[in-house]
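Some notes on the structure that comes next.
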Amino acid sequence: MINFQKLFALPKEEEEDFTFNEIEEGIYFRGHNLWLLVISMGIACIGLNVNSPAAVIGAMLISPLMGPIVGVAFGFSIGNRQLIKLGVVNWGLMILVALCSSTLYFFITPFHSETAQLESFKTATIFDCFLALLGGFAWFLGIVRKEAIKVIAGVAVSTACIPPLCTAGFGIANGNWEYFWGGFYFYLINCFFIGVGTWILSIILGYQKYYLKKNKTRNHKMSLFISLISAIILIPSIWLTKKKWDKEKLKERSESYIKTIKDNHPELAIINHEIYEEKGEKFLKITLLNDSAAISKGRLDEHNNLVKDIHLIWQYSPRQQTTEFLEIENMQSQISELKREIERLKVKKNNN
């Protein structure tokens with residue numbers, strides 16, 4: 001018979017004092033940790049700059065960013081003010097060094113374009129909050145185990161603390177405050193919810209009882225305080241999640257609309273389409289290869305009824321008098337003539 005108590009139990013594989021010393025040691029930011037952070041920031045910045053996911057993942061694996069965060073959270077759970085103070089000071093120092101390193105890189109790099117990798121770390125959603133919370137659980141479980149390297153490395157990649165700071169540095173270097181605030185908020189929610197996960201699990205595993213007498217009043221106040229701060233921090237992420245959802249739905253609708261037009265009107269050679277929002281209005285810009293003489297503007301406007309709340313902008317690609325363009329135009333003309341001939345033969349056959 002299965003013993004469910006043993007199945008779901010979380011035994012401590014280390015002594016409490018050993019875990020405490022391990023967490024305290026991870027807080028300090030000097031020597032090897034400092035240079036590891038600078039190097040990992042450089043690797044991450046290059047990865048974001050050249051759109052290389054492998055480089056970004058490598059940087060997350062070697063960055064020592066989460067030690068002070070876990071130290072502060074553990075200090076709160078066991079009521080150790082010295083541990084909290086050490087964690088806050090070293091956490092602030094790490095942020096300063098990380099921002100200076102990334103800003104310096106993006107100042108001197110010749111590439112200043114907004115890559116897809118940078119774009120992905122400027123908008124934090126509520127799912128990133130939940131991911132960070134689960135990461136905090138996993139991190140603390142890793143610490144209390146004897147072999148924690150694999151777990152901690154996995155958490156470092158999944159919670160992605162270092163790329164958002166690089167994104168914030170990109171924003172400073174290029175005067176793009178949307179990237180700065182987006183990246184910095186992304187980093188802050190990661191830190192906060194990793195800390196919340198650590199705080200919750202350290203209490204569940206009994207570390208609070210080991211270091212101080214259980215105080216129900218103190219725990220109640222602390223729980224209310226952390227719940228309030230969590231709710232405040234979650235508000236922007238909920239708004240960003242909705243914004244991202246609306247953007248994805250608009251993209252799906254535009255793709256569906258383009259597919260419908262192509263299926264029903266194959267003579268329309270659509271070579272590009274772009275969706276964007278301006279002053280609260282949605283726009284879908286469609287570029288056609290066809291010449292305006294072949295397809296009238298009035299005929300194009302007939303399709304506007306398919307998407308009532310999206311403004312359609314039809315435009316023709318610039319006429320380029322090149323050999324390649326002339327060949328395409330000639331082939332298109334032949335195809336149109338062939339279609340007309342087929343239709344004529346069908347009508348003739350039906351009449352006979």
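The values are calculated or read from the model by the stated rules, or taken from the named source; none is laboratory data. Source: prediction; values computed, not measured. Counting neighbours? That spans all protein chains shown, and the Cβs are built from the backbone with ideal geometry, glycine included. With ligands, DNA and RNA removed, areas are computed over all heavy atoms of the protein, side chains included. Shrake-Rupley method; radii C 1.70, N 1.55, O 1.52, S 1.80 Å.
For region 163-180, putting each phi into the Karplus relation 6.51 cos²θ - 1.76 cosθ + 1.60 with θ = phi - 60° gives couplings of x, x, 5, 5, 5, 5, x, 4, x, 5, 4, 9, x, 9, 6, 5, 5, 5 Hz, in residue order, rounded to whole numbers and with x for Gly and Pro. The GluC sites (Glu not before Pro) of region 11-88 meeting both criteria, a DSSP state outside H, G, I, E and B (loop) and at most 15 other C-beta atoms within 10 angstrom of the site's C-beta, are 13, 14, 15. Taking Cβ atoms as reference points and 13 Å as the exclusive limit, the residues near residue 176 contribute a net charge of -2, counting Lys and Arg as +1 and Asp and Glu as -1. Among residues other than residue 114 with Cβ under 14 Å from its Cβ, the summed charge is -1 (Lys and Arg +1, Asp and Glu -1).
Each peptide in 221-232, 181-192 receives the mean, over its residues, of other Cβ atoms within 10 Å, and ordering these scores from highest gives 181-192, 221-232. Note down the accessible area of residue 112, probe 1.4 Å, to the nearest 10 Å². Around 90 Å² of this residue is reachable by solvent. With θ taken as phi - 60° and the Karplus curve 6.51 cos²θ - 1.76 cosθ + 1.60 applied, the whole-hertz 3J(HN,Hα) list for region 230-240 is 4, 5, 5, 5, 6, 4, x, 5, 5, 5, 5 Hz, x standing for glycine and proline. Backbone amide hydrogens, once placed in the peptide plane, bring residue 313 within less than 5 Å of 284, 285, 286, excluding anything fewer than 5 places away on its chain.
A full extension of the chain between residue 181 and residue 235 corresponds to an added length of 17.9 nm, given 0.36 nm per residue minus the alpha carbon distance. For region 82-88, the Karplus equation 6.51 cos²θ - 1.76 cosθ + 1.60, evaluated at θ = phi - 60°, returns couplings of 5, 5, 5, 4, 4, x, 5 Hz by residue, with Gly and Pro reported as x. Taking trypsin sites (Lys or Arg not before Pro) across region 5-109, the ones in a DSSP loop with at most 16 further Cβ atoms lying within 10 angstrom of their Cβ are 12, 30. For region 36-115, chymotrypsin sites (Phe, Trp or Tyr not before Pro) are listed when DSSP marks them as loop and at most 14 other Cβ atoms sit within 10 Å of their Cβ; the list is 111.
In this structure region 94-140 gives 47 Å² per residue of accessible area when probed at 1.4 Å with all protein chains present.
Once the chain from residue 34 to residue 115 is taken as fully extended at 0.36 nm per residue, the excess over their C-alpha distance is 26.4 nm.
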